[in-house]
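See structure below.
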Amino acid sequence: MSDRAGIMAGMTFQASGKFDIEAWDADKPYDEQSGNRLTRVHVGKTFHGDLVGTSSTELITVESPAGPVAYVGIEHVQGILHGREGTFVLQHSAGSEDGTADTQWLRWLIVPTSGTGELAGIRGVGQISVAEDGGHTWALEYTLD
C-alpha cells in the first residue's frame, strides 16, 4: 500500500455536483391497483462536479392518486471521483409524504463491495436535490478502504 493510500484509508470524503438526465425510458405500468401504478424506468445520466462520468439506472416507480410518491432503484456508475477512476453501484430509495416536491427525499447507499478500479473499497451514502427549474444536484459522503 502506498503512503497516500494508507493515509486515505478510513478518511471520510465529501463530493458534490450536478447530473443531467440523458434518457428516461419508462415502460407502461406493470401493476395498477386502487389508483396506484408501478412502472419500470431506465435512466441514463451524465455526472459533473467531483464525479465526472456516466451511469445506467433501473428504477421501479410508484405513483398514487396524489402523484409520484416513491421509487427504488439500482444505478451502475462509471467515472472519476476526486481523481480516482472506477465503477460502483448505488442503491436508491426515494419518496414523498404527499406526492409533492416539498416533502420529497432522495437517498443513495453505495453498495458495499461494488467498487472497482481505484474506487475498490468505496462505501458511503448520498442524496439528490431537485431545484425548482428541474435541475439535479447531488452530495456524497464516502470512505475508501
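The values are calculated or read from the model by the stated rules, or taken from the named source; none is laboratory data. Treat the numbers as computed from the prediction; the structure is a model and nothing was measured. Note that we place each Cβ from the backbone using ideal geometry, even for glycine, and neighbour counts take in every protein chain shown.
For this structure, a couple of remarks:
- Only a single item in (1) modelled with pLDDT under 95; (2) of a type in the set (Gly, Ala, Ser); (3) in a strand (DSSP E or B) is not met by residue 93, and it is number (1).
- Filtered residues of segment 100-115 (kept if more than 9 Å from the chain's Cα centre (by Cα), surrounded by fewer than 15 Cβ atoms within 10 Å (Cβ to Cβ) and at negative phi): 100, 101, 102, 103, 105, 112
- Matching residues, segment 55-77, being closer than 22 Å to residue 141 by Cβ and within 11 Å of the chain's Cα centre (by Cα): 55, 57, 72, 73, 74, 75, 76, 77
- Taking the criterion of being assigned to a strand (DSSP E or B), hydroxyl-bearing (Ser, Thr, Tyr), within 21 Å of residue 96 (Cβ to Cβ) and out of contact with any His (no Cβ under 8 Å at 6 or more places or on another chain), the residues of segment 19-63 that qualify are 39, 61.
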